[in-house]
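The values are calculated or read from the model by the stated rules, or taken from the named source; none is laboratory data. Just so we're clear, the structure is a prediction, and the values are computed from it rather than from any experiment. Positions of Cβ are backbone-derived with ideal geometry, glycine not excepted, and every protein chain shown enters the neighbour counts. Surface accessibility is based on the protein's heavy atoms, side chains included, excluding ligands, DNA and RNA. Shrake-Rupley method; radii C 1.70, N 1.55, O 1.52, S 1.80 Å.
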Amino acid sequence: MQRRTLSVVIPTRNVAPIIRRALDALTWVDEVVIVDSFSQDETPEIVRSYPNVTFYQWMRPGVYSIYAKVNYGIERAQGDWVMRLDSDEVVSPELAEEIQALLKQDEIPYDGYKIPSRTYFFGKWIKYGIAYSTEGINATNPGHGYRKCLWRRGMARYPDRHVHEDLETQGEWGYLSHHYDHFSHETVSQWIAKMNFYTDIDSARLSPDDPMFKRYHPLKTVLAMGKVFYEHYFRLHGRRDGMHGFMLAALNAVYLLVFRCKMWERLWREERLAAEQVASGS
């Protein structure tokens, strides 16, 4: 049987320093669908130089959403199967061989597959804390988190409600054995910049009907931060990653604080504006 075709969807935005690393590992793929948010660096020129790339520039009007971009790419992918990656994720040679062998099978037993990843923060492979899971091989081999990122076309898409969310899927899902590398953040400054970007988006797009849209009590916020730190550093064994594990647990607690501060600011400004409108009789 002829091998089924594969489209890999990658959203991009000013990723010129890192995108070659991802694309060089995908030269065997039938189609790489790049959905770019009008990058202002050399990203468009770089990705267009790869013969298997289909390039789009698109960004949904209003609040930025990476998942809207991915869905846009999924809808335009031509492959029999679709894989979702980010620009900082690199397929290993072993995973490439495993996927190609899978697509050659007479009968593929599942409609989608979860794939293990190795996540790197600040130059180190993180095995615990935010990267720790008891799913699949990670139960006995820490440092391999699983994500649904390979599926038969039409079997998955993102709901596009929040910044961090999982695919909505159909059918039966299995596991692949080999990993891809996720080079998440090279520096703490990069992490803080991305935190600021994503908390801006989430605090702006949150609906008043969402349970998270509320006034946060100071003491409850402090306790919630402590819970996040405890979860990552102790329950998920982040301390085994040394100082990297401590910093990641602390930064994730700070993320929660920054998000709640921005939600407080939004509510306070909206209430002040409403009071001014009542006072002026408008």
Carbon + sulfur, % of accessible area of the range 180-245 - ligands and nucleic acids excluded, 1.4 Å: 62 percent
For VAL53, residues with placed amide H under 5 Å, excluding near neighbours: VAL32
Alpha-carbon centroids, the range 207-282 and the range 51-75: separation in whole Å: 29 Å
Length-normalised contact order of the range 75-155 in % [C-alpha pairs under 8 Å, at least 6 apart]: 38 percent
Residue pairs, from the table LYS124/LYS194; LYS124/LYS262; LYS69/LYS227; LYS69/LYS214; LYS69/LYS194, whose Cα atoms sit over 22 Å apart: LYS124/LYS262; LYS69/LYS227; LYS69/LYS214
Sparse-neighbour loop sites [trypsin sites (Lys or Arg not before Pro); the range 84-178; at most 14 other C-beta within 10 Å; DSSP]: LYS104, ARG161
GLU97-LEU219 FRET efficiency (beta carbon distance; Förster radius 41 Å; 0.05 resolution): 0.15
Taking N as its residue count, the alpha carbon Rg of the range 91-134 over 2.2 N^0.38 Å: 1.54
The range 64-150: C-alpha gyration tensor shape, a/c 1.5 cut-off, then a/b vs b/c: oblate
Rg to Rh quotient for the chain, alpha carbon positions, Kirkwood Rh: 1.00
Charged-residue dipole, Cβ positions (Lys, Arg, Asp, Glu), the range 162-282 about Cα centre, Debye nearest 20: 660 debye
Packing-based order for 30-37, 263-270, using average beta carbon neighbours within 10 Å, highest first: 30-37, 263-270
Per residue accessible area in Å² of the chain, where ligands, DNA and RNA are left out and the probe is 1.4 Å: 51 Å²
Size of charge dipole - the range 88-233 - debye, nearest 20, with Cβ of Lys, Arg +1 and Asp, Glu -1, no other charges: 580 debye
Label-to-label distance, nm, for residues given as LYS227 and GLU45 (7 Å Cα→Cβ offset): 5.0 nm
